[in-house]
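Since the structure comes first, as structure tokens, the remarks are kept for the end.
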Amino acid sequence: MPYDLIVIGSGPGGYVCAIRAAQLGLKTAVVEKDKTFGGTCLNVGCIPSKALLYASELYEEAGHKFGRMGIDIGQPKLDLAAMMKFKDEGVDGNVKGVAFLFKKNKVESIQGIGRIVAPGKVEVKAGDGKTQVLETKAIVIATGSDVARLKGIDIDEKRIVSSTGASSSSTAFCRAWTTRSAGNFSASSKGRESSSGCRRRSPQWTRPAGGSRRGSSRHPAAPWKSSRPTWCSSPSAGCPIPKD
Ligand SMILES: Cc1cc2nc3c(=O)[nH]c(=O)nc-3n(C[C@H](O)[C@H](O)[C@H](O)COP(=O)(O)OP(=O)(O)OC[C@H]3O[C@@H](n4cnc5c(N)ncnc54)[C@H](O)[C@@H]3O)c2cc1C
């Protein structure tokens with residue numbers, strides 16, 4: 001039976017639209033290419049970045065400000081694996097919340113890459129390669145955006161890390177904090193968020209001079225030295241990066 005509405009993409013734009021449409025009585029489906037719902041914001045954007053910013057802020061307060069306020073807890077130790085787990089739990093709760101709301105509001109979810117092949121026809125290619133064509137009266141494209149790439153710069157998630165890499169992999173995150181020679185090409189407030197999280201864990205890690213408020217992509221930074229924090233050389237501290 002054809003749908004009234006198919007929403008392609010389940011980020012904040014897509015899932016709110018789909019849920020509201022279903023509440024208003026439309027037979028609605030969401031097509032999502034990723035394994036979980038919630039798009040950039042819930043999986044690799046707002047939620048994980050705020051979880052890591054919050055945790056790193058507390059770490060900085062505990063290390064640098066508590067003493068002055070008469071709270072003596074000694075030098076805090078960072079357990080990166082536990083911090084990433086804290087972030088993962090936040091993400092997990094949120095994406096499951098969207099799945100719950102889909103179910104509750106009778107929004108059908110279909111996993112795969114959606115493509116409009118004709119008016120009122122959405123082809124969905126599943127992970128196993130199988131395709132199906134769904135019919136619908138209306139289509140909403142809510143496919144969001146992806147990490148912007150700069151020509152000639154390969155985001156390897158090791159030396160050059162995207163916000164997606166930094167929020168989803170402790171290896172990339174750890175590399176971003178500890179690399180001895182790095183430049184911050186943050187072109188947005190989001191990149192600046194990641195860099196401030198990095199700085200908090202390594203006092204020597206500083207944003208290079210020249211970065212404007214609108215980002216430092218127009219001011220490629222000179223490499224600078226950053227001391228590897230002691231926790232990073234210890235596997236027990238949760239750092240996946242071998243000392244090189
Ligand atoms: C690090 C970071 C931090 C951020 N922090 C904040 C914040 O604090 N506050 C704030 O307001 N915003 C924040 N944002 C921005 C916010 O994440 C985006 O504005 C928001 O996610 C956009 O929602 P959307 O639904 O338009 O797209 P997205 O969230 O990008 O969702 C699009 C969805 O469509 C899916 N999709 C794409 N193509 C297809 C296809 N062909 N078939 C099926 N599915 C497809 C994708 O897999 C994805 O799930 C942040 C972004 C980043 C990167």
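Read the figures in this text as sums done on the coordinates, not as results from a lab. Fair warning: this is a prediction, and the values are worked out from it, not measured in the lab. As a convention, Cβ positions derive from the backbone with ideal geometry for all residues, glycine included, and neighbour counts pool all protein chains shown.
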Output for Cβ contacts, cut-off 8 Å, separation at least six or different chains, first residue under 17 Å from ILE113 (Cβ atoms) in segment 1-22, second buried (at least 24 other Cβ atoms within 10 Å of the Cβ) and of a type in the set (D, E, K, R), reads GLY9/GLU32; SER10/GLU32; GLY14/GLU32
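Looking at segment 25-51, which of its residues are of a type in the set (D, E, K, R) and farther than 19 Å from THR131 by Cα? Step through it out loud before you land on a result.
From segment 25-51, those of a type in the set (D, E, K, R) are 27, 32-35, 50; that's our starting set.
Hits for segment 25-51 are LYS27, LYS50.
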When restricted to ALA29, ALA51, the only residue closer than 30 Å to GLY120 by Cα and either surrounded by fewer than 16 Cβ atoms within 10 Å (Cβ to Cβ) or not polar (S, T, N, Q) (or both) is ALA29
